[in-house]
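Nothing in this text is a laboratory measurement; each read-out follows from the coordinates by a stated rule. Computed from a predicted structure; not experimentally measured. Here the Cβ is made from the backbone with ideal geometry for all residues, glycine too, and neighbour counts use every protein chain on show.
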Amino acid sequence: MSSAAVSLMTILIIVAIGAAIGFLAGVHRKMNLEQWTVGGRGFGVVLVFLLMAGEVYTTFAFLGASGWAYSRGGPTLYVLAYLTLAYVVSFFILPQIWEVGRKHGMQTLSDFFSVRYGNKYLAGFVCVVGIVCFIPYLQLQLTGVGIIVSVASFDGIGRTPAMTIAVVLLVAFVFASGVRAVAWVSVVKDALMVFAALAIGIGIPLIHFGGIGPMFAALAHSRPAHLTMPGATTNLGHAWFISTVLLTSLGFYMWPHAFAATFTAKSADTLRRNAVVMPLYTLTLVFIFFAGFAAVLIVPGLANGDLAMLTVVRRSFPPWFLGVVGGAGALTAMVPAAIFILTAATLFAKNLYRPVFAPAMTDDQVAKLARSMVIVLGLISLCLAIYSSTTLVSLLLTGYAGVTQFFPGVVLGLYWERVTMSAVFGGMIAGVVAAVFLMVSHRDPLFGLSAGFLALCLNFLITIFGSLLTPAQRTDI
């Protein structure tokens, strides 16, 4: 059997096992809206960890992080800083969000804004922004599947067929089993990812340089600027690093899927324990960085840095191992893509279509509409992934600039009774518009600072001063 056939067969077996687990996750359970979106609010520490790790460690972690280590260098280390800080933030805010969610039966991020501020148009705006920001994140996952399967199969399967197959599978198991499918498929995905990350991060420096230390010594000798700020870039300096870490750590749980995952937990203590454990999983990213840095010397001059890790793996390991890496990477893309589609579909059906266009819809009708939207969103994301070539990290940061604008409304809504709906709405609109303008006009970074962070500062100022200047509102949250 040829190398390409061995690798491709391994990938297909792993993906088939993951998909089968996804279909079986919802067996013997009635998939009403509550079960489909938040798993009946009964997940313990293990399932919450698997669900949140499955959402967090995506194609960005597998390919984007190594790609930026290859093409940007030092600025890439912002990833380790922001993830650690994000879990610190989650320790303090997620238990409070869970308490409010249990009290009011919340299932989505928009539900929080609807209950806290009592305005369906604000909740609808949150829904629209959330869905729009999901699109680049979904595109990131599907682009990653295409890259992984194409390279790992020695081009035996092209990017477009690989992305199409992935969309069909993930849409099918989300349609059938909802959030439980995502949590249980993460069991396979996380085990394979940890194994692949350790093997790659230790093996590649050992094979080509004799170890991790000699690899960094060789890189420091030949490309000393690559390991410092701004690395291989001209404008991603220390100010960008700090502002981007703040932006992404505060916005981490403002992604609608991460926010909604909070409601699956069976207790607030489950979320606190999860916040303590999650940073340990971040250590796997260090080994992914090792592969990206090693690739700078092993395969210099790649036009697309996102290909760096897989290109080196293909040169360094036997076909079966490349297949394992390809299968792990494919699931690493499919699992988060599944929860993104599920969350976006639920937001559209429950928080946009029903309150604005059909207030009389029942929960069963909402669930049917959400399932239909899973198919629509999958097709939209597939088309964008096929016809766009933006780098994976750029796609991620574009989405972050939008969703982080929810943070003032959430944190002030939890801890400051004086905050008002009109101020939150005005601040959010200003933040989103500012972020879009700066990024579209290629002013990111501006004055060395992340455009999304500047937009967040504007958002906070308008929300705080607007609340002080408008009449206080009563809330029962």
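Counting only lysines at least 8 places from Lys350 when in the same chain, those with an alpha carbon closer than 25 Å to its own are Lys30, Lys103, Lys120, Lys266, Lys368. In degrees, nearest 10, range 0 to 90: what is the angle between the Cα axis of helix 120-152 and the longest Cα principal axis of the chain? Taking the Cα atoms of the chain, the angle to 120-152 is about 10 degrees. Converting phi to 3J(HN,Hα) with the Karplus coefficients 6.51, -1.76 and 1.60 and the offset θ = phi - 60°, segment 182-196 yields 4, 5, 6, 5, 4, 4, 5, 4, 5, 4, 5, 5, 4, 4, 5 Hz in sequence order, with x at every glycine or proline. Summed over qualifying helices (DSSP H, 4 residues or more, each -39500 (n - 2.57)) and divided by its residue number, the chain shows a 222 nm mean residue ellipticity of -25000 deg cm²/dmol. Projecting the Cα positions of Thr228, Pro355, Phe216 onto the charge dipole of segment 3-391 (unit charges on Cβ atoms of Lys, Arg, Asp and Glu, taken about the Cα centre) puts Pro355 furthest along the positive direction. Residues whose amide H falls under 5 Å from that of Thr470, counting only those 5 or more places apart or on a different chain, are absent, with hydrogens built in the peptide plane. Against the main long axis of the alpha-carbon atoms of the chain, helix 45-56 sits at an angle near 70°. Note on Lys368 and Phe216: the extension gain reaches 49.3 nm, defined as 0.36 nm multiplied by sequence separation minus the Cα-Cα distance. Placing +1 on the Cβ of every Lys and Arg and -1 on the Cβ of every Asp and Glu, with no other charges, gives the chain a dipole of roughly 380 debye about its Cα centre. Label point of Ala5 set 7 angstrom out along Cα-Cβ; within segment 312-327, amide nitrogens under 15 Å from it belong to 319-320.
Multiplying the residue separation of Asn235 and Ile380 by 0.36 nm and removing their Cα-Cα distance gives an extension gain of 48.9 nm. A Förster distance of 25 Å, applied to the separation of the beta-carbon atoms of Ala472 and Val88, puts the FRET efficiency at 0.25. Judged by the ratio a/c of the largest to the smallest principal axis of the C-alpha gyration tensor, segment 260-347 counts as prolate, that ratio being 1.5 or greater while a/b is larger than b/c. Give me the distance between the Cα centres of segment 136-215 and segment 241-257, rounded to whole Å. If you average the Cα positions of each part, the centres end up 23 Å apart.
For the pair Phe447 and Ala358 in one chain, pulling the backbone fully straight at 0.36 nm per residue adds 27.4 nm over the alpha carbon distance. By how many degrees, 0 to 90 and rounded to 10, does the Cα axis of helix 268-298 deviate from the longest principal axis of the chain? For helix 268-298, the angle is close to 30 degrees. Taking other C-beta atoms within 10 angstrom as a stand-in for reagent exposure, Cys457, Cys383 fall in the order Cys383, Cys457, fewest first. Can you list residues from other chains, or at least 5 along the same chain, whose modelled amide H is less than 5 Å from the amide H of Leu446? Close amide H contacts, sequence-distant or interchain: Ala451.
Checking every one of the trypsin sites (Lys or Arg not before Pro) in segment 350-450 against DSSP loop status and a limit of 12 other Cβ atoms within 10 Å picks out Arg418, Arg443.
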